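For reference, the structure discussed in these notes is given below.
The values are calculated or read from the model by the stated rules, or taken from the named source; none is laboratory data. Since this is a predicted model, take the numbers as computed values, not measurements. Quick reminder, even Gly has a Cβ in these numbers, built from the backbone with ideal geometry, and neighbours come from all protein chains shown.
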Ligand SMILES: C[S@@+](CC[C@H](N)C(=O)[O-])C[C@H]1O[C@@H](n2cnc3c(N)ncnc32)[C@H](O)[C@@H]1O
């Protein structure tokens, strides 16, 4: 991901910060899976990477000695009410000491890394030996409906998402042992195509490496028509990769 795109992502998420929780339904389903995996495990010093407005902060804080919430968007961090250390930073260059954390938790954020290999190396660096990372990452074959709708007007709307295999390889190359991995299809159903697009925008998922310029009214109408087809409801599908890694 280019620097320009990273800035675009930051700006999208900052604008979306107030509306985020209202729209983040799939994220909630993914974090339920990750939190169930944590069970009652003590998390020691825990980092929530790409914490957003802190939807998982209370659950993580309850099991941690101390919680660090890190996000690229200061507007997102400003929404967090749970006591935590807040760090506004890029996940690809963590301003944290090596071997300093017991746990990293990251839900629906690492797909925004410039390169999955870089962020995996960063996680390995900051975790203590035997430290664990619990990750839910949007994977390849997500948002296929939206991709096709944009492709129908010759536009690319969605960023490239890594496959579970690429994520696993990046983790192992960084030095991690994979303790658990799984892929789950998750869906959001919207009353209309407009609602679906609004929701993607609210979670910041509407930037792309190429072709990101404002849609004309005509293009927007074409995309809505394509998404709606002849059904009143619009489904948006995600393919989510889950990983538990041990240093
Ligand atoms: C879809 S939200 C997920 C928020 C939260 N983890 C949840 O479960 O709802 C993704 C978050 O990742 C953050 N983000 C995007 N790129 C980032 C980066 N390079 N470094 C740190 N955070 C980033 C965004 O600002 C946003 O708050």
Exercise. Among the residues of region 101-120, which ones are within 19 Å of residue 61 (Cβ to Cβ) and surrounded by fewer than 21 Cβ atoms within 10 Å (Cβ to Cβ)?
Worked result: 102
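Anything in region 55-71 that is touching a strand residue (DSSP E or B) at 6+ places or on another chain (Cβ under 7 Å) and either surrounded by fewer than 23 Cβ atoms within 10 Å (Cβ to Cβ) or within 19 Å of residue 28 (Cα to Cα) (or both)? List them, or say none. It would help to see each step written out before you state the result.
Looking only at region 55-71, we keep the residues that are touching a strand residue (DSSP E or B) at 6+ places or on another chain (Cβ under 7 Å), and these are 56-57, 60-61, 64-71.
Once the filter is applied, which keeps residues that are touching a strand residue (DSSP E or B) at 6+ places or on another chain (Cβ under 7 Å) and either surrounded by fewer than 23 Cβ atoms within 10 Å (Cβ to Cβ) or within 19 Å of residue 28 (Cα to Cα) (or both), region 55-71 yields 56, 57, 60, 61, 64, 65, 66, 68, 69, 70, 71.
Identify all residues within region 130-140 that are within 13 Å of the ligand (Cβ to nearest atom) and either surrounded by fewer than 22 Cβ atoms within 10 Å (Cβ to Cβ) or more than 11 Å from residue 46 (Cα to Cα) (or both); write none if there are none. Write out each step before concluding.
First pass over region 130-140, keeping only residues within 13 Å of the ligand (Cβ to nearest atom): 134-138.
Scanning region 130-140 gives 135, 136, 137, 138.
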Exercise. Taking the condition within 10 Å of the ligand (Cβ to nearest atom), in a helix (DSSP H, G or I), touching a strand residue (DSSP E or B) at 6+ places or on another chain (Cβ under 8 Å) and at pLDDT below 95, does residue 10 pass?
Worked result: no
Exercise. For region 77-129, what are the residues that are touching a strand residue (DSSP E or B) at 6+ places or on another chain (Cβ under 7 Å), assigned to a helix (DSSP H, G or I) and farther than 14 Å from residue 47 by Cβ?
Worked result: 111
Exercise. Residue 85 fails exactly one of the following numbered conditions: (1) in contact (Cβ under 8 Å) with a residue 40 or more places away in the chain; (2) more than 14 Å from the chain's Cα centre (by Cα). What is the number of that condition?
Worked result: (1)
For this session: Out of 178, 153, report the one residue that is out of contact with any strand residue (DSSP E or B) (no Cβ under 8 Å at 6 or more places or on another chain), surrounded by fewer than 19 Cβ atoms within 10 Å (Cβ to Cβ) and modelled with pLDDT of 85 or more.
Result: 153
For this session: Among the residues of region 20-76, count how many are under 25 Å from residue 183 (Cβ atoms), within 11 Å of the ligand (Cβ to nearest atom) and part of a helix (DSSP H, G or I).
Result: 14
Exercise. What number of residues within region 141-150 are at negative phi and surrounded by fewer than 19 Cβ atoms within 10 Å (Cβ to Cβ)?
Worked result: 4
Seminar exercise, completed: Residue pairs qualifying under the 6 Å Cβ cut-off, at least six apart or on distinct chains, with the first in region 223-247 being within 18 Å of residue 27 (Cα to Cα) and the second being assigned to a loop (DSSP other than H, G, I, E, B), are 238/142; 239/139; 239/141; 239/142; 241/139
Problem set entry | Looking only at region 195-227, and only at residues there that are in contact with a helix residue (DSSP H, G or I) (Cβ under 7 Å, 6 or more places away or on another chain) and modelled with pLDDT of 85 or more, the one that is farthest from residue 50 (Cα to Cα) | 226
Exercise. Among (1) surrounded by fewer than 16 Cβ atoms within 10 Å (Cβ to Cβ); (2) touching a helix residue (DSSP H, G or I) at 6+ places or on another chain (Cβ under 9 Å), which single condition is residue 123 missing?
Worked result: (1)
